Number of protein chains: 4
Amino acid sequence: MLSKKIDIRVYYEDTDSGGIVYYANYFKFTERCRTELLRDFGLNQTDIFNKHNIKFIVHSVSMEYINPSYLDDMLTVETSISFTKKASIEFDQKIYKILGNNKIDIIKSKCKIVSIDSNLKIKAMPSDILKKFLEVK
Amino acid sequence: MLSKKIDIRVYYEDTDSGGIVYYANYFKFTERCRTELLRDFGLNQTDIFNKHNIKFIVHSVSMEYINPSYLDDMLTVETSISFTKKASIEFDQKIYKILGNNKIDIIKSKCKIVSIDSNLKIKAMPSDILKKFLEVK
Amino acid sequence: MLSKKIDIRVYYEDTDSGGIVYYANYFKFTERCRTELLRDFGLNQTDIFNKHNIKFIVHSVSMEYINPSYLDDMLTVETSISFTKKASIEFDQKIYKILGNNKIDIIKSKCKIVSIDSNLKIKAMPSDILKKFLEVK
Amino acid sequence: MLSKKIDIRVYYEDTDSGGIVYYANYFKFTERCRTELLRDFGLNQTDIFNKHNIKFIVHSVSMEYINPSYLDDMLTVETSISFTKKASIEFDQKIYKILGNNKIDIIKSKCKIVSIDSNLKIKAMPSDILKKFLEVK
C-alpha cells in the first residue's frame, strides 16, 4: 500500500492567538507527509525535476477541521494514495493525536497534485515512475 | 452585497523554491480578506470575543489552483458571503491578477466558518450580529 | 533620504498561542519594507536578477523586542539605509504602533544584505545602481 | 552541559523563490531546538505557564547567514546555553549540514529570552527551575 505516517510536534510557529494551530498550517503538515511518502517511493522532488524536467504542483485541496490542536501536541499525519493517473496523484490524508487511550481526529484532507513541465504544461510522469505506482497498488 | 476586495503584494515570504507562491499561503491571503470583510461589517474578531465570548473558527475549506503567481505580483482577493446561518458563515473567494488587459485567475476557494464559545462548542451568533447579516442580503 | 514607511495589519497568521505576534514574523514585516524601499528606488528584485544576474541575500540581522503586538494591531514599519558599499546595503529598521497619543515601540532591527551572482559569489552592484544610492545620500 | 541537537528536514514551506531557505525561517528552526532543549530539561512551556504563571519571551536575537540551504536538505540545529540569570537565558545556536565528509555551516545565531508574568512584567524564574540550571552548569 502506498501510505506513509509521520509524527509532527506543534511549535509556537504553528499556532495562532486563538490558542490553536493556525488553519493554513495543517497544509504544511500534510505536505511534509506527502513529500515523505514520495521520498520513500524514490521520488525526491529535486531529483525528478533535474532528471525528468517534471515538477508536481498542487491542483486542488480540501480540508475538514474536526478538533483543534495545541502547542506541544504531538500529531500524527497519515497519507495514502487514493488513485494515480498519467499526470496526477490523489492523496487522502488525516491528522490525529493520541491522548491516553483516545485517538482524537484533528483534520481530514484530500489533495490532488499534477505533474507539469518547466513551461507549466501538464505532462505525464515518466513511464518508469508510473509503473512503480501501478506495481504497488 | 456582503463582499470585499483587497490587494496583496507577493513577497519572498509567500513564495517557495518552485518559484511560485506556496500553495498553503493562499489560505493566508483569503483569511486576510475574510477578516477585512468582517471588519467592514463591524465585526472586529478581538472585540466579538471580548463582548460575546464568541470566536469564529474554520470548519472546512477547499481550493482550486488555476494559475501560479510569482514574487512581486500584485494580487486581488475577492470575497463574498454565499450564505449565513445561526452559527456559520460561508465565503466564496477568488484571487486573480491583472496583466495588461487580461485578468488571470489564480485560485478559487470556499470557506465555512462556525461560531464557538470558549469551550469550543458551537454557539449561535448574537442576534444583533445575525440581523445585520440578514439585513444586507 | 533613503527611507520608507509602510503600514502592516496584524492577522491571525502573524500571531502565536502566546497571544502576540510570533517573534520570527517581524522579519517578514521588515523584509516587506526593505523590498518597498528598493522598489521605490527602481530596484524590483525580479528585474535586477533578469538584467544584471544579481540577487540580494541577507548577510546578517539583529532584532530587539521592545513591546509585544497583537491581533488586529496596525503597525508601522520604518526603514532607512544606514550605509551602502559596492556589494552591500545596511538597513536600520523599527516597528511601532500608535495608540491614542502614544507611540509604542515594538522592535528595532538591523539588516545587512549583500549582492551575489548566480553562483552565490559576492558581486558588486552595477555602477548605475550604486550611483543612484550615492546621489541620494 | 545544557545543549541540544535536532535534525530538521527542509520542505517547500521553508524555501523561497530565491531557491533557498527563507531567511526568517531559520528562526523557526532555532526556536524548535530551544524548545526541545527546555523540554529535555523538564521545562514544557505550557506547563510552566499553568504552574508558575511564567512565560518566556524573546528579548533579542542576532543571526549570521553563512551558506544557503535548499529544499530536501537535512539540517542539524545545535543549541547551547551560554548563560542563565534570574529572569533570562541566553542561547548560542548554529545550523549546519553534512555533505559527504564536509560540514557546511549554514547560520550562527544568538538568542536571549526573558521570563515574564501574565502582565508582561519581567519576573524571576521559580527557584527550583533556576537551581536546575545552575546544577547542570
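FYI, it's all coordinate maths here, none of it is from the lab. Values in this document were obtained by computation on a predicted structure and should not be read as measured data. For neighbour counting, all protein chains shown are included, and Cβ atoms are generated from backbone atoms with ideal geometry for every residue, glycine included.
Some values worked out for this structure:
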| item | result |
| --- | --- |
| Centre separation in Å (Cα based) which lies between segment B:31-48 and segment D:76-96 | 40 Å |
| Amide H contacts of B:Phe41 (H built 1.01 Å from N, under 5 Å, at least 5 apart or other chain) | none |
| Built amide H within the under 5 Å cut-off of A:Leu75, gap 5+ | A:Ile8, A:Arg9, A:Val10 |
| Cβ nearest the rotation axis (D onto C), residue from chain D and distance to the nearest whole Å | D:Ser62, 2 |
| Local net charge near B:Met125, Cβ-Cβ under 10 Å (Lys/Arg +1, Asp/Glu -1) | +4 |
| Shortest-first nm distances, C:Asp105 label point to equivalent points in other copies (7 Å, Cα→Cβ) | 3.1, 5.1, 5.2 |
| Shielding by partners, peptide D:31-41 (average Cβ within 10 angstrom, other chains) | 2 |
| Distances in nm from A:Lys121 to the matching label points in the other copies, shortest first (labels 7 Å along Cα to Cβ) | 3.7, 5.9, 6.9 |
| Exposure proxy order (Cβ contacts within 10 Å, fewest to most) of B:Leu37, D:Leu120 | D:Leu120, B:Leu37 |
| Selection from A:Ser127, A:His59, A:Thr76 lying farthest towards where the dipole of segment A:3-136 points positive, charges on Cβ | A:Ser127 |
| Ascending count of other beta-carbon atoms within 10 Å, so fewest first, for B:Asp128, A:Asp117 | B:Asp128, A:Asp117 |
| In Hz, Karplus ³J(HN,Hα) per residue of segment B:11-21 (6.51, -1.76, 1.60; θ = phi - 60°; x = Gly, Pro) | 10, 3, 3, 8, 9, 10, 6, x, x, 10, 5 |
| Peptide B:82-94, shielding by other chains (average Cβ, 10 Å cutoff) | 0 |
| Local electrostatic count, B:Lys5, Cβ distance below 14 Å [Lys/Arg +1, Asp/Glu -1] | +2 |
| Residue-averaged 222 nm ellipticity for the protein assembly as shown, from DSSP H runs of 4+ at -39500 (n - 2.57), nearest 500 | -7500 deg cm²/dmol |
| Net charge contributed by nearby residues that have their C-beta within less than 12 Å of D:Asn53 (K/R +1, D/E -1) | +2 |
| Using θ = phi - 60° and Karplus 6.51 cos²θ - 1.76 cosθ + 1.60, couplings along segment A:70-83 (whole Hz; Gly, Pro as x) | 10, 3, 6, 4, 9, 9, 10, 9, 10, 10, 10, 8, 8, 7 |
| Chain A: relative contact order as a whole-number percent, Cα under 8 Å and 6+ apart | 28 percent |
| Cα-based shape type of chain A, given that a ≥ b ≥ c are square roots of the gyration tensor eigenvalues and the cut on a/c is 1.5 | prolate |
| For B:Lys123, distant residues with modelled amide H under 5 Å away | B:Ser115, B:Ile116, B:Asp117 |
| Per-residue average of Cβ from other chains inside 10 Å of A:64-73 | 4 |
| Fewest-first sequence of B:His52, B:His59 by Cβ atoms within 10 Å of each Cβ | B:His52, B:His59 |
| Using a Förster distance of 25 Å, the FRET efficiency for A:Lys85-A:Asn50 (Cβ separation, nearest 0.05) | 0.60 |
